[in-house]
Structure formats: structure tokens, C-alpha cells
């Protein structure tokens, strides 16, 4: 965000160091916004070509900074989420992604936030800074992939703390996928074994719920936990809604193709 122009009392007073600093910051901000826009464009292109996207909104998204909070069934989710909004968004993404050549540099340059193991507070502080600066933030409260059998993992309190400390609304998002289309990939990133659930060609059903606003003492652990439970309960409800919509769509297709072996031909 650019500050107000400085007015100096005397003419002919040169401040080249300050000028270079402001110009460097300006160029850095423009580069970040461009890379963020490019990432969202690529994400939308990927989703439209590689996934069978079905996105429904209960209401229109509010203007201004917000917290997009979703369940996390596959490794594909951060990239799909980048394409869900038309504004710049900074995703809180696991540190391992930043260690992948090229991708890591892109994520950092586009303003996404690295979540390092054991250093969640630093990522949370950066998320707060971005929200206060007017940037939308995306987060997976579970902090890891959701169970393969459905449902959600025990979530971390970061999403509740972000909401309480900034006043930004939480947009709960429920994702449902079809397990048969998950590609399980074993790889090594920076010397560490990583298991990846890549999702290709299958239905990817997303339901975005109404904004949730919270207030109260962020240092009150019981209150923070209560806020987290409300958010996660809503995410789970929306995920179940996505599952029902997928099931209904598959039933309609089956009804249109009553002959055995017709579906998927």
C-alpha cells in the first residue's frame, strides 16, 4: 500500500535514498500484485480444464478483506481456492511447497504465506498484517489434509484468532471430491519424504457459505475454541452440502443413461 507523498519545506533538498526506497517498495508491490493476478489466472485455467468445477455461493462475497476458510481433502485445494475470488488473495501454505524449485519462488513473490512447522505464530502474524492492509487471506484450519474417509481433522485455532484480532469476516467453504480421482504421489522435497494427493479430471464441488463475524477477547482460550468450533461445524455442513449436490448430479446422469455401462462412457 502506498503512503502519502512527502512534502519538504525547502526547494532543492535532495533525498535520493528515501526516493529510491519508496520507488523500490512501489515496484515490489506492483510485482507482487501482478504475480498474484497471474497465479489466480493460472489457477482458474487449471480448474476449468483439469477439474469438473461446481461452485455455489449462498450469498455474494462481501467487499474488503476476508478470511476464506476451507476443509482440505487434496493437495490441489490451494490452487483451486486461488481461483474462487476475483481479488488478490494470500494463501497460508505449508512450508514444503515453498521448497519446490520455481513454485516456491513464485509463491513467495505472489505474497503467499509460508507456514513452517513449529512457527505457526509467525504465519499468523503475517496473516494479520495482510488483513489489516486490506488483503484477503485463505487458510485451511486443519493444517493438514482432511481424512480420506471424509470429515475434518482436529483444527488449529489460527483461523479463530485471525477473525477475532482483525474483525475480518470468515467465509466458510465446504469442498467435496470423489476419491477415485485422487492420484497418490510419493515424492521428496528438500530431502524430506512427502505424500501428495493430486486431484485430476473428477468433480470438484465447492459450497461457499454466508460470512461469519466474530468479536471478543482473542486471549480468552475458551472463547477462541468456541469460535473455532463454530467455523469448523459450518465448514463440515457445507462440505456435506457439496456431497449431496454431487450425489444428486450423479443420480441425474444415471437417470439419463439407464442402460448398464452407459455412465462414464
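A few remarks follow.
- Qualifying residue in the range 164-176 (condition: surrounded by 12 or more Cβ atoms within 10 Å (Cβ to Cβ) and over 19 Å from residue 66 (Cβ atoms)): yes
- Of the residues examined, residue 71 is one that is farther than 16 Å from residue 181 by Cα and in contact with a strand residue (DSSP E or B) (Cβ under 6 Å, 6 or more places away or on another chain).
Every residue, every condition in (1) surrounded by 21 or more Cβ atoms within 10 Å (Cβ to Cβ); (2) out of contact with any strand residue (DSSP E or B) (no Cβ under 6 Å at 6 or more places or on another chain); (3) free of Cβ contacts under 8 Å to residues at least 40 places away in the same chain; (4) closer than 24 Å to residue 219 by Cα, yes or no:
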residue	(1), (2), (3), (4)
118	no, yes, yes, yes
122	no, yes, yes, yes
141	yes, no, no, yes
144	no, yes, no, no
149	no, yes, yes, no
179	no, yes, yes, no
183	no, no, yes, no
187	no, no, yes, no
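- Residue in the range 44-57 that is within 25 Å of residue 229 (Cα to Cα), crowded, with 19+ Cβ neighbours inside 10 Å and at pLDDT 95 or above present: no
- The numbered conditions (1) modelled with pLDDT of 85 or more; (2) over 10 Å from the mean Cα position of the chain (by Cα); (3) more than 20 Å from residue 41 (Cα to Cα); (4) surrounded by 18 or more Cβ atoms within 10 Å (Cβ to Cβ) are all true for residue 75 except (3).
- Residue in the range 94-110 that is crowded, with 23+ Cβ neighbours inside 10 Å and at pLDDT below 95 present: no
- Residue count, the range 78-93 (criterion: surrounded by fewer than 17 Cβ atoms within 10 Å (Cβ to Cβ) and in contact with a strand residue (DSSP E or B) (Cβ under 8 Å, 6 or more places away or on another chain)): 2
- Filter result (buried (at least 19 other Cβ atoms within 10 Å of the Cβ) and either closer than 13 Å to residue 238 by Cβ or without any contact (Cβ under 8 Å) to a residue 24 or more places away in the chain (or both)) within the range 151-163: 152
- Spans of strands (runs of 3 or more DSSP E) in the range 26-102 with at least 1 residues free of Cβ contacts under 8 Å to residues at least 60 places away in the same chain and in contact with a helix residue (DSSP H, G or I) (Cβ under 8 Å, 6 or more places away or on another chain): 89-94
The values are calculated or read from the model by the stated rules, or taken from the named source; none is laboratory data. Source: prediction; values computed, not measured. Cβ sites come from the backbone with ideal geometry, for glycine too, and all protein chains shown count toward neighbours.
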